[in-house]
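S.K.: Starting off with a structure, shown below.
The values are calculated or read from the model by the stated rules, or taken from the named source; none is laboratory data. For clarity, every value in this text was computed on a predicted model and none was experimentally measured. Here the Cβ positions follow ideal geometry from the backbone for every residue, glycine too, while neighbour counts run over all protein chains shown.
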Amino acid sequence: MKSRLVAFATACLAALSASSANAAEPIKALVITGDNVGAHDWKGTTAALKEILATPAGKFTVDVASAPAKDLTPENLAKYDVLILNYFETAKGGPDTKWSEANRKALLDAVKDGKGLVSYHFASAAFARPNWEEYEKLTAGGWRTQGFHGPPHEFEVKKAADHPISQGLPEKFAHTVDELYSNSLVTPGSTIIATAFCDPAKPKGTGKDEPVVWVNQYGKGRVYNNVLGHDPVAMANPNYREWLRRGVEWAATGKVEPAK
């Protein structure tokens, strides 16, 4: 009897140990990049994304796919929990940055099957001329072709809905100089979780609360669209960083650790 109890206790401890080890595994993120319009420094913003996800230590691992022509494959994407788009196709991009039909299908299938997706800033404008409708659904909309913004300026970001990403965060925060996207496309079924008022006294001001962060679903995959963060300076705002980290975590796992 005693030997059975010892064996049972040993098995329980092993199970608990395995569970703890699994819980401690980092979230595996892949930044998909390699090309962008001249106004967007993809190398600088990719470095900023990696820096943001370096805190807290050990929570994320981040790889960069700067040659999507070879990196967007089912086998490679299967390694990751969440895919972060920091990309816009241009004529100047090298052949290794061009997405084939197979690359496109690999990305769509990965998210449909449950990979998280993050659309960061101008990535929501990719593949809009001509419009790749499935990509528009994938990113839950965004800039596309109808978006615009006035001169970069400081503005206030406000929480618009309770959500695991926003829960426990301040109701609003003062954002540093950034682009405030206006007239963004928000696809049906999306939940807007943060907005910013576009001052009509400023150039191209709409006088509306413009959506700046929202979420949706694509197949089994969770989609997080954050149009803030034009450059590393804008991405240095501590509140922005917290919103970004939490969005990546939610897209990857469906949960977010409580705000401290």
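S.K.: Of Lys43, Lys70, which residue is farther than 17 Å from Ile27 by Cα, over 15 Å from the mean Cα position of the chain (by Cα), without any contact (Cβ under 8 Å) to a residue 12 or more places away in the chain and surrounded by fewer than 20 Cβ atoms within 10 Å (Cβ to Cβ)?
M.R.: Lys43
S.K.: Also, quick follow-up: Could you tell me whether Gly150 is in contact with a Pro (Cβ under 8 Å, 6 or more places away or on another chain) and either modelled with pLDDT of 95 or more or polar (S, T, N, Q) (or both)?
M.R.: Yes: the conditions hold for Gly150.
S.K.: Test Thr55 against the stated conditions and say whether it is modelled with pLDDT under 95 and either closer than 23 Å to Asp41 by Cα or assigned to a helix (DSSP H, G or I) (or both).
M.R.: Working: modelled with pLDDT under 95: yes; either closer than 23 Å to Asp41 by Cα or assigned to a helix (DSSP H, G or I) (or both): yes.
Judged against the criteria, Thr55 is a match.
S.K.: Still on this structure, please answer the following. Check Ala194, Ala201, Ala174 and return the single one that is under 12 Å from Trp243 (Cβ atoms) and among the aliphatic types (A, V, I, L, M).
M.R.: It is Ala194.
S.K.: Among the numbered criteria (1) at pLDDT 95 or above; (2) over 16 Å from the mean Cα position of the chain (by Cα), which single criterion is violated by His121?
M.R.: (2)
S.K.: Could you run through segment 216-254 and say how many residues are closer than 22 Å to Leu77 by Cα and free of Cβ contacts under 8 Å to residues at least 12 places away in the same chain?
M.R.: 0
S.K.: Looking only at segment 213-246, filter to residues that are under 14 Å from Lys50 (Cα atoms) and either among the small types (Gly, Ala, Ser) or at pLDDT below 95 (or both); which one of those is surrounded by the fewest Cβ atoms within 10 Å (Cβ to Cβ)?
M.R.: Ala236
S.K.: Quick test for you: out of Pro130, Pro170, Pro164, pick the one residue that is modelled with pLDDT of 95 or more, within 25 Å of Lys255 (Cα to Cα) and more than 18 Å from the chain's Cα centre (by Cα).
M.R.: Unique residue meeting the criteria: Pro170.
S.K.: Identify all residues within segment 225-260 that are more than 14 Å from Thr45 (Cβ to Cβ) and part of a loop (DSSP other than H, G, I, E, B); write none if there are none.
M.R.: Across segment 225-260, the qualifying residues are Gly254, Lys255, Val256, Glu257, Pro258, Ala259, Lys260.
S.K.: Follow-up question, since we're still on this one. Filter segment 126-143 down to the residues that are surrounded by 21 or more Cβ atoms within 10 Å (Cβ to Cβ), of a type in the set (A, V, I, L, M, F, W, C) and not in a loop (DSSP other than H, G, I, E, B) and list them by number.
M.R.: Within segment 126-143, just Leu138 meets the criteria.
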